[in-house]
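One structure is given here, and the rest of the page talks about it.
Coordinate-derived values only; no laboratory data. None of these values were measured; they are calculated from a predicted model. Here Cβ is always computed from backbone atoms with ideal geometry, including for glycine, and neighbour counts include all displayed protein chains.
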Amino acid sequence: MVERVPDKNKVEGSIPSTPTKDFMYYVYFLYLNNGYIYTGSTNDLKRRFAEHKLGKVISTKHKRPLSFVAYEAYLLKSDAIRREKFLKTTEGKRLLKLQIKDVLEEFRVRPIIR
């Protein structure tokens with residue numbers, strides 16, 4: 001029988017010290033020029049925001065200029081997608097508006113969240 005010696009640098013259930021490219025998943029919020037808040041998810045925030053700004057995303061292409069409002073980070077893709085889907089429901093939109101109220105006031109708008 002071979003006895004396994006635990007790695008002193010790795011703690012079970014801990015976050016790896018060097019995350020991979022796909023390590024985090026994000027739910028993000030953009031303020032569109034029509035007053036709506038767009039909710040999306042990605043594993044690369046910089047790339048996805050650049051795609052939105054360049055008009056490469058059909059749902060926001062004609063609603064530029066847009067501004068980055070906020071994001072939430074998740075370890076699992078399934079959690080990020082579940083959160084995104086929830087935030088697109090009526091209750092989720094209501095809670096999101098309460099959660100980012102101060103940020104929205106900085107834009108001096110009363111957005112409609114889609």
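Listed values, structure above:
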quantity: Two-site label geometry, residue 106 and residue 36: point separation in nm, points 7 Å out along Cα→Cβ; calculated: 2.3 nm
quantity: Area projected by the alpha carbon convex hull of the range 25-113, averaged over all directions, nm²; calculated: 5.4 nm²
quantity: Residue order, fewest to most surrounding Cβ atoms within 10 angstrom, among 81, 37, 58, 100; calculated: 58, 81, 100, 37
quantity: Linear extension gain, residue 81 paired with residue 44, 0.36 nm per residue minus alpha-carbon span; calculated: 11.9 nm
quantity: Computed label-point distance, nm, for sites residue 71 and residue 88 using a 7 Å Cα→Cβ extension; calculated: 1.9 nm
